[in-house]
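Everything on this sheet refers to the single structure shown next.
The values are calculated or read from the model by the stated rules, or taken from the named source; none is laboratory data. Everything numeric here is computed off the predicted structure, so don't read it as measured data. Glycine gets a Cβ as well: all are built from the backbone with ideal geometry, and neighbour counts include every protein chain shown. Side chains are part of the model used for accessible areas, which takes the heavy atoms of the whole protein and leaves out ligands, DNA and RNA. Shrake-Rupley method; radii C 1.70, N 1.55, O 1.52, S 1.80 Å.
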Amino acid sequence: MRAYLFMACLVSSSFAYAENKSWYDDILIHGFISQSFINTSDNQFFGNSENGSFDFSELGINASYQLLPRVRLAAGLLSRQAGAFDNGSPRFDYALADIRLFSNQHVSSGIYLGRVKNEIGLYNSTRDVPQTRDGLFLPQVIYFDKVRNALISSDGLVIYNNIYFDNGTLLMQASTGYPLADKNVEYAYMGNDWQGNLQNDHLAFSGMLRYEQNGGQWIYSLTGSSFKIDFDAKGSDTIAAPIGPGFNSGTMKVDYTVLSLQYNAEKWQLTGEVAFENVNYNDIGGPLAEMDINSIGYYLQASYNINTRWQTFLRFEEFQLNKHDWDGKKAARNNIKVSQQLAGLGINRAPIPAQEYYSRSWVIGTRWLIDQRFMLRAEYHKVHGAATLSPRENEVSSTTPKWDMFALSLSYRF
Amino acid sequence: MILKRKLLIAVVLLVSSQSVFAEEIIVNAERQFDKLTKTTVRAMFAMRIHQWSDGTPVTVYVLKDNNPIHITFCKTLLGMFPYQLRKIWDRQIFSGTGVGPIQLNTEKEMIQAIADNKGAIGYISSTADTNSHSISTVEVIK
């Protein structure tokens, strides 16, 4: 009886809501789903791509709700299947409260509190949404998939301030929070999944200055992020060389800066971005003692809108792990020497070849907006170098330096 | 003589077709102004200005991205291309940092929506019949 009464109350209350606007009518919901196919001539990228991989799919749903005139809540769930990088388990891409402190026709400023996407380059904040990218993959030389999670978002707070000038809009952000440290980060910065763990108990800092001139005809952007991750060496990690890696507990300090420029016209879009990364290893020792990274990555892309539905693009991208040792020549020579010395001690370890230190590629692609919801993309990559491949998917001593990749994707949004 | 008349008709048609493509920004009649700067209009349609000067929340209505009225509105009144607005909206929608506008299918729906919401802003082609609705047009100034 009680249950019936409860049901009746529910039903009548929902009728009451139907007459007026109910609170949940104001929840804005969007999402996307995408499936890709990847085929590489050699090497593995997002699954067993040499034989053709369907192991790259993206699924996301998000909601936004204006709780109070000055407070909006937003959260996005993401499930991403991407070869050995991501197994599709859903997680919060972001979950934040947007608190507007001041807003008029010239300025708006406020705070995002919670898990917030980092602004890195032009695309990081929506990097997993196929419709927002200018290609099937973002250029790997800047938007590394192999270290994505350390840079993608942080748990903390962001202060933003937008100024609307007659000549353009200035968007500014400063943020602090804890980075996300996972196995991909360990593979990328330490070459393996060691017994010890990464800890993210240092606050990271990032910032953005972005100017959209004349409604975005020209976009200039400077973004940067700086974070520290601790490595706690455990068990076999501390066994001295040549039998173990000989690691101690220590810290990695990473600075990442991206400069971006984009020109947007009716038919043409030109984009250039350059990223500088510095990684310093403190006290970890072992093979990382002299491995500090000073890398540079850049790309130039020209896109052409054939009409509102069809677009094609051509892109050149390059990455150098050590900008003082172009194409890894010195490093490769040194690796061969070390391998020979180890062989003298009876230990067989293949040297890491030069192609692991750089990547250069030409990409040609096309996009077809079937309608406002469905999108089809195809692209072809001609790659020289293996620096953008992950050791999680490839044996680093035996990658093929020259390889091609073809990829196709079908995406839906709502 | 016949040729001249044909020419005259052609010219008249051309001129009138030009005016078909003129778009106008409309707001609810409760807004007590008839001018907005291009800077403000751009920021409003980019979903970056959230309230009118009297505190009423701004509600932005647009037509579908490939609607000819939307395309002309973007180019002539905002000085932008539809894909640029789409990028700005999607960046906000999919990073949680903001929202997108409300998309409608027809000018008729647009006129009705703006008449019904006192914080609304949208646009129509100047040939649209707006009589008997409580909306007013706004001039975009430099």
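Of the residues contained in region A:330-351, none is found to be of a type in the set (A, V, I, L, M, F, W, C), within 31 Å of the chain's Cα centre (by Cα) and open to solvent by 70 Å² or more (accessible area, probe 1.4 Å). Residues in region A:103-132 that are assigned to a helix (DSSP H, G or I) and within 7 Å of chain B (Cβ to nearest Cβ): A:125, A:126, A:131, A:132. Can you tell me which residue among A:100, A:80 is more than 10 Å from chain B (Cβ to nearest Cβ), part of a strand (DSSP E or B) and not polar (S, T, N, Q)? Result: A:80 is the single residue among A:100, A:80 that is more than 10 Å from chain B (Cβ to nearest Cβ), part of a strand (DSSP E or B) and not polar (S, T, N, Q). Only one of the numbered conditions (1) assigned to a strand (DSSP E or B); (2) surrounded by fewer than 20 Cβ atoms within 10 Å (Cβ to Cβ); (3) in contact with a Pro (Cβ under 9 Å, 6 or more places away or on another chain) is not met by residue A:300, and that is (3).
Going through (1) buried (at least 18 other Cβ atoms within 10 Å of the Cβ); (2) over 23 Å from residue B:91 (Cα atoms) one by one, residue A:110 falls short only on (2). Here is the figure for region B:118-142: residues that are open to solvent by 10 Å² or more (accessible area, probe 1.4 Å), among the β-branched types (Val, Ile, Thr) and closer than 16 Å to residue B:36 by Cβ total 5.
Looking at region A:220-266, which of its residues are within 14 Å of another protein chain (Cβ to nearest Cβ) and more than 24 Å from residue A:295 (Cβ to Cβ)? Give the steps one after another, and end with the answer.
So the first thing to find is which residues in region A:220-266 are within 14 Å of another protein chain (Cβ to nearest Cβ), and the list is A:221, A:223, A:260, A:262-266.
Of everything in region A:220-266, those that are within 14 Å of another protein chain (Cβ to nearest Cβ) and more than 24 Å from residue A:295 (Cβ to Cβ) turn out to be A:263, A:264, A:265, A:266.
For region B:66-82, the set of residues classified as open to solvent by 30 Å² or more (accessible area, probe 1.4 Å) and at the interface with chain A (Cβ under 7 Å from one of its Cβ atoms) consists of B:66, B:79, B:81, listed by residue number. Kindly check whether there is at least one residue in region B:87-102 that is out of contact with any helix residue (DSSP H, G or I) (no Cβ under 6 Å at 6 or more places or on another chain), more than 9 Å from chain A (Cβ to nearest Cβ) and at pLDDT below 95. The answer is no; no qualifying residue exists. Residues that are farther than 15 Å from residue B:139 by Cβ, modelled with pLDDT of 80 or more and either more than 13 Å from the chain's Cα centre (by Cα) or not hydroxyl-bearing (Ser, Thr, Tyr) (or both) are absent from region B:1-12 altogether. No other residue among A:318, A:393 is under 24 Å from residue A:302 (Cα atoms), open to solvent by less than 70 Å² (accessible area, probe 1.4 Å), out of contact with any helix residue (DSSP H, G or I) (no Cβ under 7 Å at 6 or more places or on another chain) and not hydroxyl-bearing (Ser, Thr, Tyr) apart from A:318.
Kindly evaluate residue A:364 against the criterion of being open to solvent by 40 Å² or more (accessible area, probe 1.4 Å), within 30 Å of residue A:266 (Cα to Cα), at pLDDT 95 or above and within 14 Å of chain B (Cβ to nearest Cβ). It is false that residue A:364 is open to solvent by 40 Å² or more (accessible area, probe 1.4 Å), within 30 Å of residue A:266 (Cα to Cα), at pLDDT 95 or above and within 14 Å of chain B (Cβ to nearest Cβ).
Tallying residues that are in contact with a His (Cβ under 9 Å, 6 or more places away or on another chain) and without any contact (Cβ under 8 Å) to a residue 40 or more places away in the chain within region A:175-203 yields 1.
What do you reckon, is residue A:302 more than 23 Å from the chain's Cα centre (by Cα) and aliphatic (A, V, I, L, M)? Full working, then the answer.
Values: more than 23 Å from the chain's Cα centre (by Cα): no; aliphatic (A, V, I, L, M): yes.
So residue A:302 fails the test.
Looking at region A:370-378, can you tell me whether even one residue there is crowded, with 21+ Cβ neighbours inside 10 Å and within 21 Å of the chain's Cα centre (by Cα)? Looking through region A:370-378, at least one residue is crowded, with 21+ Cβ neighbours inside 10 Å and within 21 Å of the chain's Cα centre (by Cα). The strands (runs of 3 or more DSSP E) found entirely in region A:138-208 that carry 2 or more residues being more than 14 Å from chain B (Cβ to nearest Cβ) and out of contact with any Gly (no Cβ under 8 Å at 6 or more places or on another chain) are A:197-199. For region A:249-283, a residue qualifies if it is crowded, with 17+ Cβ neighbours inside 10 Å, more than 16 Å from residue A:134 (Cβ to Cβ) and over 23 Å from the mean Cα position of the chain (by Cα), and exactly one does: A:250. Filter region A:44-77 down to the residues that are of a type in the set (D, E, K, R) and assigned to a strand (DSSP E or B), then identify the one that is farthest from the chain's Cα centre (by Cα). Result: A:72.
Scanning region B:118-142 for residues that are outside any strand (DSSP E or B), under 20 Å from residue B:103 (Cβ atoms) and either touching a Gly at 6+ places or on another chain (Cβ under 8 Å) or within 14 Å of chain A (Cβ to nearest Cβ) (or both) yields one hit, B:119.
Considering only region B:20-65, how many residues are open to solvent by 60 Å² or more (accessible area, probe 1.4 Å) and either touching a residue at least 12 places away in the same chain (Cβ under 8 Å) or under 16 Å from residue A:104 (Cα atoms) (or both)?
Filtering region B:20-65 down to residues open to solvent by 60 Å² or more (accessible area, probe 1.4 Å) leaves B:20-21, B:24, B:30, B:32-35, B:53-54, B:57, B:64.
Now restrict to residues that are either touching a residue at least 12 places away in the same chain (Cβ under 8 Å) or under 16 Å from residue A:104 (Cα atoms) (or both): B:20-21, B:24, B:30, B:33-35, B:53-54, B:57, B:64.
Total satisfying the criteria: 11.
Being away from chain A (no Cβ under 11 Å), open to solvent by less than 30 Å² (accessible area, probe 1.4 Å), closer than 30 Å to residue A:97 by Cβ and outside any strand (DSSP E or B) is a property that holds for residue B:113. Taking the criterion of being touching a helix residue (DSSP H, G or I) at 6+ places or on another chain (Cβ under 8 Å) and outside any strand (DSSP E or B), the residues of region A:245-265 that qualify are A:245, A:246, A:248.
Here is a check on your reading of the model: is residue A:124 modelled with pLDDT under 95 and more than 24 Å from residue A:375 (Cβ to Cβ)? I'd like the intermediate steps shown before the answer.
Numbers: modelled with pLDDT under 95: yes; more than 24 Å from residue A:375 (Cβ to Cβ): no.
It is false that residue A:124 is modelled with pLDDT under 95 and more than 24 Å from residue A:375 (Cβ to Cβ).
Looking only at residues in region A:128-174 that are without any contact (Cβ under 8 Å) to a residue 12 or more places away in the chain and among the charged types (D, E, K, R), which one is surrounded by the most Cβ atoms within 10 Å (Cβ to Cβ)? It would help to see each step written out before you state the result.
Quick first cut of region A:128-174, residues without any contact (Cβ under 8 Å) to a residue 12 or more places away in the chain only: A:132-133, A:165-166.
Filter once more, so that each one left must be among the charged types (D, E, K, R): A:133, A:166.
Values: A:133: 18, A:166: 11.
Per the criteria, the residue is A:133.
Yes/no per residue for (1) of a type in the set (Val, Ile, Thr); (2) touching a strand residue (DSSP E or B) at 6+ places or on another chain (Cβ under 7 Å); (3) within 26 Å of residue B:89 (Cα to Cα):
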residue: A:175; (1), (2), (3): no, yes, yes
residue: A:178; (1), (2), (3): no, yes, no
residue: A:183; (1), (2), (3): no, no, no
residue: A:193; (1), (2), (3): no, no, no
residue: A:198; (1), (2), (3): no, yes, no
residue: A:214; (1), (2), (3): no, yes, yes
residue: A:221; (1), (2), (3): no, yes, yes
residue: A:224; (1), (2), (3): no, yes, yes
residue: A:235; (1), (2), (3): no, no, no
